[in-house]
Each structure stands twice: as structure tokens, then as C-alpha cells.
Amino acid sequence: MIDLEFLERLIKAIDESTLDSIEIERGGTRLRLAKSPPPQPIVTTAGNGGGSSTPLAPAEMSTVSGDGGGDAAVAEPEAAVRDDLVEVTSPMVGTFYRAPAPDASAYAEVGNRISQGDVLCIIEAMKLMNELESEISGVVVEICVENAEPVEYGQVLFRVEVS
């Protein structure tokens, strides 16, 4: 159990510092304090001109070891993005992994049917493995990022034909 005085001093120290977040483990209790809220994934509909977006649920955090992935082929970008596809974008800056471990199969492949709640990939950020869950159901048409490639916030990761 973490002492309340310790916690108050820790909060005050973070408020007065330039740190954005800190995570500590003490006495079997794990504590994470952050000034800013965790990033939210964004899904945009390709080609709608207005760029409407819907925030997704926060990415699940888990501890997964390994660099995540098979080197399966990633679909080549299409010449023109179809209007009926939904783009799943990165909710944060990090490293994209298609699988939970190097010897494991990828979470999603081109042609796979996915459902709401299915894990699509892992994005590693600051040594934390964040599972990106799908907020839509459909068929994966394109995987826009190579395994173990760095990704930026808002970068398109997948294109999905919604069904």
C-alpha cells in the first residue's frame, strides 16, 4: 500500500516538474501518474472530404515480450483510396508490431474478417506494449505499415472494408 503523504508529495513534485508522467512500483503496488490523458485512437473514413473522425476506446495496455512479428508481406498501397474504406490510425507515436511475439502469427492479415474488440496490432511506446483493438467490424483490405516500423500519431495503419 502506498502512503497517502508519499502520494501527495509525488503529485506535487510532478506538478512542479517538466515530467509529463511517471510510473513506479512500491511494495507490490504499481502507480502511474500523468499530467495529460492517454492518447485516443482515431478512425477516419477515407475519401469523405470532411475527415470525420470517431475516437476509439483507449488502447489496452499489457506486458508482451519480444519484438512482435512475423515478416509476412504487407499489402501494397492502392493507387487511389476507395471511398468505402475506413482508415484505422495510430493513437500514439511508437513502434508498430503485427504479432505478440516474433514466432507468433500476426493479429490481422489482408483478407481477414475482424470484429469489434479484436486486437489489430501492438504499438510499443516507452517500453509499454499497447494493444490496439478494433472499434469496427469488417475485412482488412490493406496493412499500411511494415512490422517493427516506427509510426506517428494519426498515421494510417489499416484500411478496412466495413460490413
Confirm whether L132 is outside the structural domain of I24 (by TED's automatic domain parsing), buried (at least 20 other Cβ atoms within 10 Å of the Cβ) and more than 17 Å from D84 (Cα to Cα).
yes
From the options P91, P100, residue that is surrounded by 15 or more Cβ atoms within 10 Å (Cβ to Cβ), more than 22 Å from S21 (Cα to Cα) and modelled with pLDDT under 95:
P100
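Yes or no, residue by residue, for (1) of a type outside the set (F, W, Y); (2) in a loop (DSSP other than H, G, I, E, B); (3) within 30 Å of I22 (Cα to Cα):
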site: A104; (1), (2), (3): yes, yes, no
site: M129; (1), (2), (3): yes, no, yes
site: V139; (1), (2), (3): yes, no, no
site: P150; (1), (2), (3): yes, no, yes
site: F158; (1), (2), (3): no, no, no
So the check is Cβ under 6 Å with 6+ separation or different chains; which pairs have a first residue in segment 23-39 that's assigned to a loop (DSSP other than H, G, I, E, B) and a second one that's modelled with pLDDT under 70?
P38/P58
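The values are calculated or read from the model by the stated rules, or taken from the named source; none is laboratory data. Not measured: the values here are computed from a predicted model. All Cβ positions, glycine included, derive from the backbone under ideal geometry; neighbour counts span all protein chains shown.
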